[in-house]
Amino acid sequence: MKTDDRKKDNSMCKHKHLVFLGKQEMPAKEHFLALFNCLDCCSTIALKMAKEAGRSKGNLSRSA
């Protein structure tokens, strides 16, 4: 029986082939989680990302 190489130990995987799954809002409004799936080791990766500053309606500033 041949084993699937993609489901081997993921501790050596460099996670080069990622598929973006989506983003999940966090209770802290200045951050969100970006979710990825690694095609090589079949693991899910979550990265905490900061939202861009000054993009919401309340933070718009105009110069005169």
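What follows draws every value from the coordinates through simple rules; no lab data is involved. Keep in mind that this is a model prediction, so the values were computed, not measured. Please note: Cβ atoms are built from the backbone with ideal geometry, for glycine as well, and neighbour counts cover all protein chains shown.
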> Amide H to amide H, which residues 5 or more places from LEU21 or on other chains are under 5 Å from it, using H placed in the peptide plane?
Replying inline: LEU35, PHE36, ASN37
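For the ranges 39-47, 12-20, what's the packing order if you count other beta-carbon atoms within 10 Å of each residue, average per peptide, and put the highest first? List each step's numbers first, then the result.
Details: 39-47: 13.3, 12-20: 10.7.
Per-residue mean Cβ counts within 10 Å order the peptides as 39-47, 12-20.
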